[in-house]
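Asker: Have a look at the structure that comes next, please.
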Amino acid sequence: MSRRIVVIGSQWGDEGKGKIADMLTGRARHVVRFQGGHNAGHTLVIDGKTTVLRLIPSGILHAGTTSHIGNGVVVSPAALAEERAELEASGVPVSERLRISSACALILPSHVALDGARESGIRQRTLGTTGRGIGPAYEDKVARRGLRIADLFNAQRLGERLESLLDYHNFVLTQYHHLEPVDFEQTRDQLLEHASDIEPLTGDVTDALRHACLADESILFEGAQGALLDVDHGTYPYVTSSNTVAGGASTGTGVGPTYIDSVIGVVKAYTTRVGGGPFPTELDDEFGRYLAENGDEFGAVTGRPRRCGWFDAAALRRSAFNNSLSGLCITKLDVLDGLDTIRVCVGYRVDGHSLDFAPAGADLLARCQPVYEDLPGWHHNTSGVREFEQLPRNAQRYLNRISELVDTPIDIVSTGADRTDAIVLRDPFG
Ligand code: IMP
């Protein structure tokens, strides 16, 4: 039976979606990204070789799978060209496997300049963005003044629309931020240079996916970032600018919600966060450093160190509901190997009240104090284990407790970086 499955990160990103998407991609005829842009960093390790994908879907490494960039993604033509060149240099036939929606909003150099100007923090609160221009590009999309992929293929129209957009961007850059303007002709010429490479890959991704549905072909919707970074449901304003929750798979591809069969929430066995914003279980002690070092917690895109903390079931409950999670995929269990005791946050105390469901937005969450349950750790190496029964008893207990606290069954436990290091308890493709 073919299936249409959404894979999303259920925390603050970096849960290891790339590996899971790649594992499942072998079973999907189509893989589609539906939101975000090259702020994502999906690390895949196949036969010991590491590939980091930022914009292109994880399906690109599989022959026989078509990778799509859906309308909800913001595309930097320069970043796309760079990633494509890297993949082609290692022998991946990108043009045979990749399709891009003509409706994707473009990220321009002026968006990057605006993102950087805001993040310099002189005139505005800093959020710790990836600096890729994601927020400003989505703003222009919603404001209906942005450029789209389709605009690249008509030089005159591109020039006119770009000129008017840059007038506005340059006004903000020079008058508000007191920075240099971005050059119109240089930007236009760069875009036109990329246009001829992009045009043959461009089309109506929604129609391609409609045909896939009609032909009963399997589709994997590949999320980026994490549900707690969702612009509506996350820790606003410390969020990214797109809908990272599973519902974004519909709006960001044009495939209606009832075509989707299930949603897998990828979740780390602990928690990490990059950038600013509240993080109730954050550890600023030897345990935090243990997780950071053992888990190699540095951003795949920016190289920034990630903040680390214990698993937070209250945050996950919210995520499980927001995404209607059908199953969990728990990653990086092996990072906890060697700890005597492992703490799990089961709820919060705030203003004299107990909460078992993380509040939305940053303000109330920032005041929440975690309530912990302590579980016994294990001193065996779990990396590379492929059978649940071969895990140490306490590791099994830990996983079962997480599943119970979040009221969601476990589909997969990832036990290492390689595609094959995993325990599959329930096959999402049935
Ligand atoms: P932006 O997406 O670059 O605007 O960044 C907004 C927030 O989302 C910042 O806190 C980033 O660190 C975070 N963020 C964006 N992309 C990722 C990701 O792929 N993994 C983890 N955090 C991310």
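The values are calculated or read from the model by the stated rules, or taken from the named source; none is laboratory data. It should be emphasised that the depicted structure is a prediction, and the values quoted were computed from it without experimental measurement. Quick reminder, even Gly has a Cβ in these numbers, built from the backbone with ideal geometry, and neighbours come from all protein chains shown.
Asker: Take Leu192 and decide whether it is modelled with pLDDT of 95 or more, aliphatic (A, V, I, L, M) and in contact with a strand residue (DSSP E or B) (Cβ under 9 Å, 6 or more places away or on another chain).
Answerer: No, not satisfied.
Rundown of residues vs (1) in contact (Cβ under 8 Å) with a residue 12 or more places away in the chain; (2) buried (at least 21 other Cβ atoms within 10 Å of the Cβ); (3) outside any loop (DSSP other than H, G, I, E, B); (4) not assigned by TED's automatic domain parsing to the domain that holds Lys17, yes/no style:
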{"position": "Gly265", "(1), (2), (3), (4)": "yes, yes, yes, no"}
{"position": "Gly276", "(1), (2), (3), (4)": "yes, no, no, no"}
{"position": "Phe287", "(1), (2), (3), (4)": "yes, no, yes, no"}
{"position": "Thr302", "(1), (2), (3), (4)": "yes, no, no, no"}
{"position": "Ala320", "(1), (2), (3), (4)": "yes, yes, yes, no"}
{"position": "Cys329", "(1), (2), (3), (4)": "yes, yes, yes, no"}
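Asker: If we scan segment 13-21, do we find a residue that is in contact with a His (Cβ under 8 Å, 6 or more places away or on another chain), away from the ligand (no atom under 16 Å from the Cβ) and either at pLDDT 90 or above or of a type outside the set (Ser, Thr, Tyr) (or both)?
Answerer: The answer is no, given that none of the residues of segment 13-21 is in contact with a His (Cβ under 8 Å, 6 or more places away or on another chain), away from the ligand (no atom under 16 Å from the Cβ) and either at pLDDT 90 or above or of a type outside the set (Ser, Thr, Tyr) (or both).
Asker: Within segment 125-141, how many residues are out of contact with any Asp or Glu (no Cβ under 6 Å at 6 or more places or on another chain), modelled with pLDDT under 95 and near the ligand (Cβ under 8 Å from one of its atoms)?
Answerer: 3
Asker: Next question. Looking only at segment 340-353, decide whether some residue is out of contact with any helix residue (DSSP H, G or I) (no Cβ under 7 Å at 6 or more places or on another chain), crowded, with 17+ Cβ neighbours inside 10 Å, of a type in the set (A, V, I, L, M, F, W, C) and in contact (Cβ under 8 Å) with a residue 12 or more places away in the chain.
Answerer: No, every residue in segment 340-353 fails to be out of contact with any helix residue (DSSP H, G or I) (no Cβ under 7 Å at 6 or more places or on another chain), crowded, with 17+ Cβ neighbours inside 10 Å, of a type in the set (A, V, I, L, M, F, W, C) and in contact (Cβ under 8 Å) with a residue 12 or more places away in the chain.
Asker: Search segment 411-427 for residues that are without any contact (Cβ under 8 Å) to a residue 40 or more places away in the chain and pair each with any residue that is of a type in the set (Asp, Glu) and part of a loop (DSSP other than H, G, I, E, B) when their beta-carbon atoms are under 9 Å apart and the residues are at least 6 apart or on different chains.
Answerer: Ile423/Glu387
Asker: If you don't mind, another one. Output the residues belonging to segment 25-50 that are among the basic types (Lys, Arg) and either buried (at least 24 other Cβ atoms within 10 Å of the Cβ) or over 22 Å from Asn71 (Cβ atoms) (or both).
Answerer: Arg27, Arg33, Lys49
Asker: Please count how many residues of segment 100-124 are at pLDDT 95 or above and in a loop (DSSP other than H, G, I, E, B).
Answerer: Qualifying residue count for the region: 5.
Asker: Out of (1) more than 16 Å from the ligand (Cβ to nearest atom); (2) more than 30 Å from Cys104 (Cα to Cα); (3) surrounded by 22 or more Cβ atoms within 10 Å (Cβ to Cβ), the odd one out for Leu325 is which?
Answerer: Condition not satisfied by Leu325: (2).
Asker: Sticking with this one: Mind checking which pairs have a first residue in segment 364-385 that is over 11 Å from Pro280 (Cβ atoms) and charged (D, E, K, R) and a second that is at pLDDT 95 or above and not in a helix (DSSP H, G or I), Cβ under 6 Å, 6 or more apart or different chains?
Answerer: Glu373/Val344; Glu373/Val346; Asp374/Thr341; Asp374/Arg343
Asker: Name the residue, out of Glu96, Glu83, that is closer than 29 Å to Arg29 by Cα and within 16 Å of the ligand (Cβ to nearest atom).
Answerer: The match here is Glu83.
Asker: Conditions: (1) more than 16 Å from the ligand (Cβ to nearest atom); (2) under 30 Å from Gly248 (Cβ atoms); (3) in contact with a helix residue (DSSP H, G or I) (Cβ under 8 Å, 6 or more places away or on another chain); (4) basic (Lys, Arg). Arg144 meets all but one. Number of the miss?
Answerer: With respect to (1) more than 16 Å from the ligand (Cβ to nearest atom); (2) under 30 Å from Gly248 (Cβ atoms); (3) in contact with a helix residue (DSSP H, G or I) (Cβ under 8 Å, 6 or more places away or on another chain); (4) basic (Lys, Arg), Arg144 is out only on (3).
Asker: In segment 298-320, which residues are within 15 Å of the ligand (Cβ to nearest atom), at pLDDT 95 or above and closer than 25 Å to Leu44 by Cβ? Write out each step before concluding.
Answerer: Narrowing segment 298-320 to residues within 15 Å of the ligand (Cβ to nearest atom): 298-309, 315, 319.
Filter again for at pLDDT 95 or above, leaving 307-309, 315, 319.
Listed by number, the residues that qualify are Arg307, Cys308, Ser319.
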